[in-house]
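For reference, the structure discussed in these notes is given below.
Read the figures in this text as sums done on the coordinates, not as results from a lab. On a predicted model such as this, the values are computed, not experimentally measured, just so you know. All Cβ positions, glycine included, derive from the backbone under ideal geometry; neighbour counts span all protein chains shown.
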Amino acid sequence: MIEFSHITKTYNSDTPEAYTALNNISFSIDEGEFVAIMGPSGSGKSTLMHILGCLDTPTSGTYTLDGKDVSTMSDDELADIRKDKIGFVFQSFNLLSRTTVLRNVMLPLVYAGVPLEERHARATASLIAAGLTESHFYHLSNQLSGGQIQRVAIARALVNDPALILADEPTGNLDSRTSLVVLGTLQKLNREHGRTIILITHEPDIAEHANRIIRIRDGEIVSDEKSRSPRDAIGETKLYDNAV
């Protein structure tokens with residue numbers, strides 16, 4: 001599903017201040033994998049995330065996403081790929097605070113020109129898949145807990161049925177208990193719905209919930225290992241999942 005082949009990203013390449021953020025990186029991710037990309041600040045993981053999310057293009061190398069070479073696409077073509085192929089979950093949630101949960105999730109479908117009845121049905125299905133009950137659908141997003149807000153953001157990422165869910169530090173603003181609820185939601189989407197998920201994090205205990213961990217440092221991959229027994233956030237949150 002994802003093929004990174006000899007990806008390099010250099011900033012200010014024609015100046016003395018040239019800086020190589022990614023250096024000749026190659027890896028592939030199959031459909032249905034749950035992969036964590038982990039690295040400290042300055043490791044290049046943010047640059048990697050921007051290229052994975054089609055928010056930037058590499059200086060050299062090839063990036064194939066869902067059968068399409070996106071590494072040399074124009075800005076307009078990349079915008080279409082982001083709209084159709086990628087669901088984003090951010091650390092800062094990025095929800096409209098005075099808008100209902102349901103309307104927040106329906107919003108991407110408004111921009112896509114989807115009819116109202118279909119918008120409502122798809123947003124409802126996405127919210128249920130993300131673990132929200134119908135009792136929350138007409139709450140304003142500022143009336144929810146941190147874990148609930150992030151699950152609304154996950155539902156919004158799902159609503160266009162993307163090929164890839166890209167979660168950038170999704171637990172960064174949450175306490176450890178609430179983080180487990182969000183990680184459990186991602187695990188459930190991966191295990192029960194077959195969603196391909198890439199989790200960007202700098203925290204080892206967060207990365208351990210993925211089935212595979214790619215570690216990056218100084219713009220290069222230092223390890224790429226599958227986990228024999230990833231931590232099970234679903235099991236860890238059964239007693240309080242609905243309360244968070």
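The table that follows gives values for the structure above.
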read-out: Per-residue ³J(HN,Hα) for the range 120-128, Karplus 6.51 cos²θ - 1.76 cosθ + 1.60, θ = phi - 60°, Hz, x for Gly and Pro; value: 4, 5, 6, 5, 4, 5, 5, 5, 5
read-out: log₁₀ of I(q)/I(0) at q = 0.09, 0.21 Å⁻¹ - the range 1-139, Debye sum with one point per alpha carbon; value: -0.38, -1.28
read-out: Given the chain, longest segment not containing exposed loop chymotrypsin sites (Phe, Trp or Tyr not before Pro) (DSSP; at most 16 other Cβ within 10 Å); value: 1-137
read-out: Whichever lysines have a C-alpha closer than 23 Å to that of Lys85, once near sequence neighbours (fewer than 8 apart) are set aside; value: Lys9, Lys45, Lys68, Lys188
read-out: Partner aspartates and glutamates for Lys226 [C-alpha distance under 18 Å; skip if fewer than 8 residues away on the same chain]; value: Glu3, Asp30, Glu31, Glu33, Glu203, Asp205, Glu208
read-out: Whole-Hz ³J(HN,Hα) from phi, Karplus 6.51 cos²θ - 1.76 cosθ + 1.60, for the range 28-38, glycine and proline x; value: 9, 10, 7, 4, x, 7, 10, 10, 9, 10, 10
read-out: Proximal charge balance of Leu199 [Cβ under 9 Å; K/R count +1, D/E count -1]; value: -2
read-out: Convex hull volume per residue in cubic angstrom - Cα atoms of the range 143-244; value: 114 Å³
read-out: Angle in degrees between helix 146-158 and the longest Cα principal axis of the chain, rounded to the nearest 10; value: 70 degrees
read-out: Over the chain: helical MRE at 222 nm, DSSP H runs n ≥ 4 each giving -39500 (n - 2.57), nearest 500; value: -10000 deg cm²/dmol
read-out: Degrees between helix 101-111 axis and first principal axis of the chain (Cα, 0 to 90, nearest 10); value: 50 degrees
read-out: In the range 1-73, the GluC sites (Glu not before Pro) that fall in loop regions by DSSP, at most 14 other Cβ within 10 Å; value: Glu17, Glu31
read-out: Counting DSSP beta bridges with both ends in the range 2-243, the antiparallel % (nearest 5); value: 50 percent
read-out: Ratio of Rg to Rh over the chain (Cα coordinates, Kirkwood Rh, two decimals); value: 0.97
